[in-house]
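Below is one structure; the comments refer to it alone.
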Amino acid sequence: PIMTATGVAVWFPIRKGVLQRTAGYVRAVDGVDLTIKKGRTLALVGESGCGKTTLGRALIRLLRPTAGTIEYDGADLAELSRRQLKEYRRRMQIVFQDPFSSLSPRMSVREIVEEGLTVHGLGGGVSSRRQLVGDMLEEVGLNPDEMDRYPHEFSGGERQRISIARAMMLKPRFLVLDEPTSALDLSVQAQIVDLLRTLQIRYRLSYFFISHDLRVIRALANQVLV
């Protein structure tokens, strides 16, 4: 296994009154156990509002779990400090559902895809990083010559390819895919699924794939969690 989660819970406090005292909790995720194997896809299916996205974000510590353990490469992510987490961020990435809202409209495609390299001090100088960005854009099916354009100049499918390129830039081993095809047309969905399958085989990636579309699940998943 690349990741094992045991008893994971994420509760959000309900605050009331002038003093904002905690009156109760919304139990978005409560007692989830799962195992994700190397090079495989575990799909999570469920109705809207059942906590799928919350669980996905907790697995890579975008949200701190209220309870439970999340073991990744021998470390319990739930217990790591922010500084300790930085090293693990390189190995775990996420592709969000809406490719438009997840990309900054003020940043060019090059800046968006390159940002991870800059944060982690990787990729060498400016010209070297530009070459790396161009290579990654080409790998996800985009024209490297368009890297200085902005997200609003691309179609929905192209924006999702940009999101995938950003996630892949640090060469992660594990990806959370939060309904990455639900906002796309059917024909574009098939192209994105093919791209994800190709990248998984090429880099031996492990996926946690969140969706409510069983056709997409059937195309990608090795195991399904309901």
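With the other protein chains left in place, how much accessible area per residue, in square angstrom, belongs to the stretch 63-145 at a 1.4 angstrom probe? Before the final figure, lay out each step's value.
Working: 4610 Å² over 83 residues.
Dividing the accessible area of the stretch 63-145 by its residue count gives 56 Å².
Descending by average beta-carbon neighbour count within 10 Å, the peptides 90-103, 8-21, 34-47 line up as 90-103, 34-47, 8-21, the highest first.
In whole percent, and with a 1.4 Å probe on the protein chains, what portion of the accessible area of the chain is carbon and sulfur?
48
Couplings 3J(HN,Hα) of the stretch 217-226, computed from phi: 4, 4, 6, 10, 7, 9, 9, 10, 10, 9 Hz, in residue order, whole Hz [Karplus 6.51 cos²θ - 1.76 cosθ + 1.60, θ = phi - 60°; x for Gly and Pro].
Using Cα centres only, tell me the gap between the stretch 146-186 and the stretch 44-117 in whole Å. Cα centroid of the stretch 146-186 versus Cα centroid of the stretch 44-117: 15 Å apart.
Would you mind getting the accessible area per residue of the stretch 148-209, heavy atoms of the protein chains only, 1.4 Å probe, in Å²?
In whole numbers, the stretch 148-209 has 40 Å² accessible per residue.
For the stretch 81-92, putting each phi into the Karplus relation 6.51 cos²θ - 1.76 cosθ + 1.60 with θ = phi - 60° gives couplings of 6, 4, 5, 5, 5, 4, 5, 6, 4, 5, 8, 10 Hz, in residue order, rounded to whole numbers and with x for Gly and Pro.
What number, in percent, do you get for the relative contact order of the chain if the mean sequence gap of Cα pairs under 8 Å and at least 6 apart is divided by its residue count? Before the final figure, lay out the partial values.
On the way: 400 pairs, mean separation 62.5, N = 226.
It rounds to 28 percent for the chain.
For the stretch 1-40, what is the accessible area per residue in Å² when the probe is 1.4 Å?
Working: 2600 Å² over 40 residues.
For the stretch 1-40, the solvent-accessible area averages 65 Å² per residue.
The tail of the calculated P(r) for the stretch 1-115, taken as Cα-Cα distances beyond 21 Å, holds 49 percent of the pairs.
With n ≥ 4 as the cut-off for DSSP H runs, can you work out [θ] at 222 nm for the chain, using -39500 (n - 2.57) per run divided by the number of residues, rounded to the nearest 500? Write down the numbers at each step before the final one.
Values: 7 runs with 80 residues, N = 226.
So the calculated ellipticity at 222 nm is -11000 deg cm²/dmol.
Between 145, 30, 213, the residue with the greatest mean-square fluctuation in the GNM of the chain (Cα pairs under 10 Å linked by springs) is 145.
Taken about its Cα centre, the chain carries a charge dipole of about 740 debye when Lys and Arg each add +1 at the Cβ and Asp and Glu each add -1 at the Cβ. Comparing 81, 103, 118 along the charge dipole axis of the stretch 71-128, the residue lying farthest to the positive side is 118, per the Cβ-charge model.
Relative to the longest principal axis of the Cα atoms of the chain, helix 186-203 runs at roughly 90 degrees. Taking amide H as placed 1.01 Å from N in the peptide plane, residue 50 has no amide H partner under 5 Å among residues 5 or more places away or on another chain.
To the nearest ten degrees, helix 156-168 and the longest principal axis of the Cα atoms of the chain are 80 degrees apart. Of all lysines in the structure, the ones whose alpha carbon falls short of 16 Å from that of residue 38, not counting any fewer than 8 places away in one chain, are 171.
The values are calculated or read from the model by the stated rules, or taken from the named source; none is laboratory data. What you are looking at is a predicted structure, and each value in this text was computed from that prediction instead of being measured. Cβ sites come from the backbone with ideal geometry, for glycine too, and all protein chains shown count toward neighbours. We work out accessible area using only protein heavy atoms, side chains counted, and drop any ligands, DNA or RNA first. Shrake-Rupley method; radii C 1.70, N 1.55, O 1.52, S 1.80 Å.
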